Amino acid sequence: MSTPRPTAPPAPAAPPTRDRAHDPALPGTTACVQRCINPACGAVCPLSEVRVGCARCGALLDVQYTWGSEAPRSWAFAEQRAKAGSGLDASGVWRFRELMPFFGDDRAIVSIGEGKTILQRADLLCRHLGFCPGGSVAGACPGQGCAGEGGLYLQYEGMNPSGSFKDNGMTAAFTHARSVGARVVACASTGNTSASMAVYALQAAMRAVIFIGSGKIAYGKLSQALDYGALTLQVAGDFDACLARVRTIAERIPQAGVYLMNSVNPFRLEGQKAVMFRVLEGLGWRVPDWIIVPGGNLGNCSAFGKAFMELRDLGLVDRVPRLAVINARGARTLDRVYNDLGVRWEGGAYFTGDAHRHVEAEYARMDAANERASTIATAIEINRPVNLPKALRALEVMDGSTRAGGWADGQPGVVRHVTDDEIRECKALVGRYGYGCEPASAASVAGARRLLGEGVISPGQRVVCVLTGHQLKDPDVTIAYHTGLDAKAAQQALPDARAWPQERRGRYANPPLQVADDLAEILRAMGLDPALAAGVQPR
Ligand code: F0G
């Protein structure tokens, strides 16, 4: 392949870091390690280790804090920061940095001004869907009357620099990557992770390699990665195949020096906690009744659950919201596992009882049936959500319980799936009544409508739907909805790269490379020795 490969400028020297967990100079301060989420294992490793799974049992890792005396016990710190509003304090992630203190000092942080998003009260949409818009609209309660505290709120994460919530996580993961001297970052992506990773890689002077499935990415997202100069490998397979490949390379071929940026990276999820901090900030630190979020690889909902575990421990909330995770019908693994198979976290007994074996059996069944994810919401077209155990934990933690009830008066979170038609319709409504969103984001609103219809959510409750990505990420779906023209059909797969008109490309053109779903081929496309694939067991 003659396409020039993007080269990264030399990375700046890593700023000083300290390993808080092992730093005797910091008595009484918050200690921080990476810990296996399986309570029966609980293996610990220092922050300086680059891992995406437990070395002992293979389960996911958490960034875990033992809060010290300087940890915040009120929100005053964040209120002051929001007023100051410059430098790091202007970042909607790092304004809350006391709640994610895994980095050495402020100079270690890689930020592009992420998290300047809003929580919008959406009264028109609220009424259209049959919710009560609360105290703001007199006599408007369609139900039996309510305390006037309710309402529907939309958390617009599409306002991030790369147009999706991923920037919340990337800023944190790149901060860690730089502290460990990473030079090459990689991810599998349905589009938003890659767009976000590519722009942060530019800022951090690292080389970005992106794995996308053939024909599985909205053009708005693909165009971002190309523009940001990432090496984009279009692998003949779907997202699940791409993630398996990139994990194999990151974990089993250390010579490749690849730092993995998917949400199995526990530092990503640290940053994504900030979405919840901003929701609380937008509500004057009052906790909503429901948080509703689309589920793909399940990193976001996992991060939300961790955020509330920690806020509860720190005494910063006196109740937790209930969580609803919404799958697309064509990619409903969590829904099947949670609702059909009854799999639960159960304080971590998930790992030691039968639960995780049910999940393995379900995956084997899907493989045997060659069942592949398929939905118009390509962002969440995922059948093997890597964060599944953490999502189950979040569904247990975010149960609507209160301090007054001894944290035992709640009911666990819920999972639902919605159809592509429901997604299309709710996307159109978000466009008509608000700032718009991409299809996957609208799954949260479709889920809210469904749960209201089922009576699980009552009309007077306060409900926050997280809109994860910008309206312009996937304009084909919008055009098709409003005009009936199917632009996507014409783009099912990019034509063979060899047939692309070279003479029409721009001077700084950075087209994707098409590669077979084959480890040696992929290594060659990355500019690495294909012989490194010898004897490597795929994941
Ligand atoms: N919404 C959007 C717009 C997304 O891009 C994604 C995930 C999700 C929801 C699901 O979030 O994975 O944390 O459950 N997109 C990933 C990507 C997979 O590669 O961009 P999740």
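The values are calculated or read from the model by the stated rules, or taken from the named source; none is laboratory data. Quantities reported herein were computed from a predicted structural model and do not represent experimental measurements. Every residue, glycine among them, receives a Cβ derived from its backbone with ideal geometry; neighbour counts consider all protein chains shown. What goes into the accessible areas is simple: the full protein's heavy atoms, side chains included, and nothing from ligands, DNA or RNA. Shrake-Rupley method; radii C 1.70, N 1.55, O 1.52, S 1.80 Å.
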Dipole-positive endmost among Ile457, Leu388, Ala489 within the stretch 387-539 (Cβ charges, Cα centre): Ile457
Of Ala82, His417, Gly284, farthest towards positive along the dipole that unit charges on Lys, Arg, Asp, Glu beta carbons give the chain: Ala82
Over 18 Å between alpha carbons, listed pairs Lys273/Lys473; Lys116/Lys390; Lys116/Lys221; Lys273/Lys390; Lys306/Lys390: Lys273/Lys473; Lys116/Lys390; Lys116/Lys221
Cβ charges +1 (Lys, Arg) and -1 (Asp, Glu), total dipole of the stretch 174-321, debye: 260 debye
Normalised contact order of the chain, rounded percent, pairs of Cα under 8 Å and 6 or more residues apart: 17 percent
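For the chain, what % of the accessible area comes from carbon and sulfur atoms, probe 1.4 Å?
Details: 10200 of 20550 Å².
Ligands and nucleic acids excluded, carbon and sulfur give 50 percent.
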Heavy atoms of Glu521: accessible area, 1.4 Å probe, square angstrom to 10: 70 Å²
In Hz, Karplus ³J(HN,Hα) per residue of the stretch 42-56 (6.51, -1.76, 1.60; θ = phi - 60°; x = Gly, Pro): x, 4, 10, 9, x, 4, 6, 7, 9, 9, 10, x, 5, 5, 8
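With +1 on each Lys and Arg Cβ and -1 on each Asp and Glu Cβ, and nothing else charged, work out how big the dipole of the stretch 51-193 is about its Cα centre, in Debye to the nearest 20. Each step should come with its number before you reach the end.
Values: 14 positive and 12 negative charges, 64 e Å.
Magnitude of the dipole: close to 300 debye.
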Residue (of Ala236, Ile253, Ala208) at the positive-pole extreme of the stretch 172-283, dipole from beta-carbon charges: Ile253
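Under the classification rounded if a/c is under 1.5, otherwise prolate if a/b is larger than b/c and oblate if not, where does the stretch 183-256 fall, given a ≥ b ≥ c as square roots of the Cα gyration tensor eigenvalues? Walk me through the numbers before you get to the answer.
On the way: a/c = 2.33, a/b = 1.04, b/c = 2.24.
Oblate shape, in that a/c is at least 1.5 and b/c is the bigger or equal ratio.
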Mean Cβ count within 10 Å, highest first, over the residues of peptides 451-462, 163-174: 163-174, 451-462
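Using Cα pairs under 8 angstrom and six or more residues apart, how large is the relative contact order of the stretch 386-465, in percent? Walk me through the numbers on the way to the answer.
Working: 62 pairs, mean separation 14.6, N = 80.
Relative contact order here is 18 percent.
Of the beta bridges DSSP finds with both residues in the chain, what % are antiparallel, to the nearest 5? The partial results should precede the final answer.
On the way: 15 of 51 bridges.
Percent antiparallel among DSSP bridges in the chain is about 30.
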Most to least accessible of Glu251, Glu149 (protein chains only, probe 1.4 Å): Glu149, Glu251
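How do Arg73, Arg432, Arg312, Arg107 rank by accessible surface area computed with a 1.4 Å probe, from largest to smallest?
Numbers: Arg73 130, Arg432 180, Arg312 70, Arg107 160 Å².
Accessible-area ranking of Arg73, Arg432, Arg312, Arg107, largest first: Arg432, Arg107, Arg73, Arg312.
Given the convex hull of the Cα atoms of the chain, what is a quarter of its surface area in nm²? Don't jump to the answer; show the numbers that get you there.
Numbers: hull surface 100.5 nm².
The orientation-averaged projected area of the Cα hull of the chain comes to 25.1 nm².
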For the stretch 331-338, Karplus couplings with θ = phi - 60° (6.51, -1.76, 1.60), whole Hz, Gly/Pro x: 8, 10, 4, 4, 4, 5, 5, 7
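Can you give the FRET efficiency to the nearest 0.05 for Ala361 and Arg286, using r as the Cβ-Cβ distance and R₀ = 35 Å?
Numbers: r = 42 Å, r/R0 = 1.21.
E(calc), rounded to 0.05, equals 0.25.
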About the Cα centre, charge dipole magnitude for the stretch 408-530 (Lys/Arg +1, Asp/Glu -1 at Cβ), debye: 500 debye
Sequence ranges 333-342, 355-364, 301-310, ranked by mean other-Cβ count within 10 angstrom, highest first: 301-310, 333-342, 355-364
Value of [θ]222 nm, deg cm²/dmol, for the chain, DSSP H segments ≥ 4, -39500 (n - 2.57) each, nearest 500: -9500 deg cm²/dmol
Under 5 Å, built H, 5+ apart or other chain: amide partners of Gly68: Thr30, Ala31
By accessible area with a 1.4 Å probe, ligands and nucleic acids excluded, highest first: order of Trp94, Trp407, Trp75: Trp407, Trp75, Trp94
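Ranked highest first by the average count of other Cβ atoms within 10 Å around their residues, in what order do 365-374, 194-203 fall? Before the final figure, lay out the partial values.
Values: 365-374: 13.1, 194-203: 27.1.
Top of the packing list down: 194-203, 365-374.
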